[in-house]
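Novice: Have a look at the structure that comes next, please.
No value in this document is a laboratory result; all are computed from the given coordinates. All values reported here derive from a predicted model rather than from experimental measurement. A quick note on method: Cβ atoms are made from the backbone with ideal geometry, for glycine too, and the neighbour counts reach across all protein chains shown.
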Amino acid sequence: MRDQPNQLGALMSIAENQLSFRAKAGHLTLLIVTIAAIAALVSLLLTEPDLPGRTFWAMVTLVITNLAWAGYAGWILCFRRTMLSRHRVIAGWIAVAASTLFTLGSAAIGVMSEVPAADLAALIGLALIAAATGLLIRASRQYAALQRRRAQLTASIRDGG
């Protein structure tokens, strides 16, 4: 029983580990790339006043999507924690939203302008939605399983067992 506080302290220190170098580098790369994309897109939007409506809205959508990914990467880097199941769920929702937006935009362009490439892009978007949804479902299930396990462990500690 005397070792229980030490074991709990050891478990807490493991749980509080910082991001690995690889994870830091990946999230930093994501942040840099998305900020660069935002800068390029915004500069194009500001310097090209005669863009067609579709192009303008496509670029605005890309800016919003890149802002979401930049915010996510910045959040992970600021808290310097390992990627937890909850973070995977959040990343999954961003991926589903971005791929759905891309697919709907491609389909709308295909319908309005009868551009064959837009139909192909919409089909690719459906594949992206399927992949993103699969990853989101897997992340959600893992998160739920961890939540159930945490509840069991909390109840076990509370009950003294």
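Novice: Could you give the dipole magnitude of the stretch 84-161 about its Cα centre, charging the beta-carbon of Lys and Arg +1 and that of Asp and Glu -1, in debye to the nearest 20?
Specialist: Values: 8 positive and 3 negative charges, 151 e Å.
In total the dipole reaches around 720 debye.
Novice: Which order do the peptides 116-122, 84-90 come out in when sorted by mean C-beta neighbours inside 10 angstrom, highest first?
Specialist: Order by mean packing, descending: 84-90, 116-122.
Novice: Now, a different point. Remind me, relative contact order of the stretch 21-81 in percent, using alpha carbon pairs under 8 angstrom and six or more residues apart?
Specialist: 54 percent
Novice: Can you tell me, using C-alpha contacts under 8 Å and at least 6 residues apart, the relative contact order of the stretch 84-161 as a whole percent?
Specialist: 40 percent
Novice: Using a/c under 1.5 as the rounded threshold, could you call the stretch 41-119 rounded, prolate or oblate? The axes a ≥ b ≥ c are square roots of the C-alpha gyration tensor eigenvalues, and prolate needs a/b larger than b/c, oblate otherwise.
Specialist: oblate
Novice: Here is a follow-up. Quick one: check the C-alpha center-to-center distance for the stretch 42-73 versus the stretch 93-154, whole angstrom.
Specialist: The stretch 42-73 and the stretch 93-154 have Cα centres spaced 20 Å from each other.
Novice: Restricting to DSSP H runs of at least four residues, report the calculated mean residue ellipticity at 222 nm for the chain, -39500 (n - 2.57) per run over all residues, nearest 500 deg cm²/dmol.
Specialist: The per-residue figure over the chain is -31000 deg cm²/dmol.
Novice: Which whole-percent values make up P(r) of the stretch 84-161 when all C-alpha to C-alpha distances are grouped in 5 Å steps starting at zero?
Specialist: P(r) over the stretch 84-161, rounded to whole percents: 3, 17, 16, 14, 11, 9, 9, 6, 5, 3, 3, 2, 1, 0.
Novice: Can you pull a Stokes-Einstein diffusion coefficient for the chain at 10 °C (1.306 mPa s), Rh from Kirkwood over Cα pairs, as a whole number of µm²/s? If you can, show how the numbers build up before the last one.
Specialist: Working: Rh = 18.9 Å.
The Stokes-Einstein estimate is 84 µm²/s.
Novice: Using the crude model of +1 on Lys and Arg Cβ and -1 on Asp and Glu Cβ, and no other charge, please compute the dipole size for the chain relative to its Cα centre, in debye to 20.
Specialist: Charge dipole of the chain: 1000 debye, to the nearest 20.
Novice: Take the Cβ-Cβ distance between D50 and L104 as r, set R0 to 35 Å, and report the resulting FRET efficiency rounded to the nearest 0.05.
Specialist: Once rounded, the FRET efficiency stands at 0.85.
Novice: Considering the chain as a Gaussian network with a 10 Å cut-off on Cα pairs, which listed residue, S20, S99, S113, attains the greatest mean-square fluctuation?
Specialist: S113
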